[in-house]
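The values are calculated or read from the model by the stated rules, or taken from the named source; none is laboratory data. Everything numeric here is computed off the predicted structure, so don't read it as measured data. Neighbour counts are summed over all protein chains in view; Cβ atoms, including those assigned to glycine, are modelled from backbone coordinates with ideal geometry.
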Amino acid sequence: MQSPIEDIICGKNQQKKGIINFDQMKVISSKVEKHDPSVLMVTSIPAGKSVGMIAAELAAAIVLQGKRVLLVEGDWKKPSLHEWFHMEQPDGIHQEPLKTVFPTFLPGLDVVLANNSSGKPIDIWLSPSFRQHIASWQETYDRVVLSAPSLHSGVEMELLAEECREVVLVLQRKDKTEDIRKIQAKLETAGCKVIGVVYQQ
């Protein structure tokens, strides 16, 4: 049985699967290439699993352009990447956070999953080892894509944004202009520029 993300990319009917049309995601990934970010974040205003799926689709689209990509789970309170790829969450007792990289079905696309420990995510993002991992990943991969928590997660999204140059923002039609401006201001304060927007249906 294929995983949801594998079905989107390898399935015959890409028009009706996934959060958005995969051809549209290819267009977004080509825009990413023009900006040449080495570390890119995907986040949203409301919380939801769609961010993980969109980050996975974006990472896959970049890989299909011949790049080597690492997709990192940044929402440790509500992780979803393991579900989209049909993987087991690492055991937090035996796995150091962010250390283990898992290959996916798509050559060139690897993933770092949240482990099922009870540790606080904020402690991970504040740790020196997080920055060390970012530096190491940049040496190994052409692109690092972070699937980040939402604006409403508080400071966690801002901490991740500080390690990214650019961001793709996931919005819903019902999102308020005030909230959109607020998240854009927070991202720009962290030095992270919005280069693309995906409107979730």
Original post:
Any idea which of GLU158, GLU163, GLU139 is over 15 Å from GLY74 (Cβ atoms) and among the acidic types (Asp, Glu)?
Top reply: GLU139
Original post:
So ASP175 fits all but one of (1) farther than 23 Å from SER38 by Cα; (2) surrounded by fewer than 16 Cβ atoms within 10 Å (Cβ to Cβ); what number is the exception?
Top reply: (2)
Original post:
With segment 15-110 as the region, which helices (runs of 4 or more DSSP H) entirely inside it contain at least 2 residues that are out of contact with any helix residue (DSSP H, G or I) (no Cβ under 8 Å at 6 or more places or on another chain) and either at pLDDT below 90 or at negative phi (or both)?
Top reply: 22-35, 50-63
Original post:
Which one of the conditions (1) without any contact (Cβ under 8 Å) to a residue 40 or more places away in the chain; (2) touching a Phe, Trp or Tyr at 6+ places or on another chain (Cβ under 7 Å) does GLU88 fail to meet, given that it meets all the rest?
Top reply: (2)
Subject >> Hey, SER150 within 27 Å of SER3 (Cα to Cα), polar (S, T, N, Q), modelled with pLDDT under 85 and out of contact with any Asp or Glu (no Cβ under 9 Å at 6 or more places or on another chain) or not >> reply: no
Subject >> Selection count where residues are in contact (Cβ under 8 Å) with a residue 24 or more places away in the chain and outside any helix (DSSP H, G or I), scope segment 149-175 >> reply: 15
Subject >> Only one of ARG165, ARG143, ARG131 that is basic (Lys, Arg) and surrounded by 22 or more Cβ atoms within 10 Å (Cβ to Cβ) >> reply: ARG143
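Going by the conditions given, is ILE134 in a helix (DSSP H, G or I), of a type outside the set (D, E, K, R), modelled with pLDDT of 85 or more and closer than 26 Å to VAL63 by Cβ?
Spelling it out, ILE134 is indeed in a helix (DSSP H, G or I), of a type outside the set (D, E, K, R), modelled with pLDDT of 85 or more and closer than 26 Å to VAL63 by Cβ.
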Subject >> Residue list for segment 66-81, filter: out of contact with any strand residue (DSSP E or B) (no Cβ under 7 Å at 6 or more places or on another chain) and either crowded, with 21+ Cβ neighbours inside 10 Å or farther than 13 Å from VAL145 by Cβ (or both) >> reply: GLY66, TRP76, LYS77, LYS78, SER80
Original post:
Taking segment 128-148 as the region of interest, how many residues are free of Cβ contacts under 8 Å to residues at least 12 places away in the same chain and either under 23 Å from GLU188 (Cα atoms) or not acidic (Asp, Glu) (or both)?
Top reply: 4
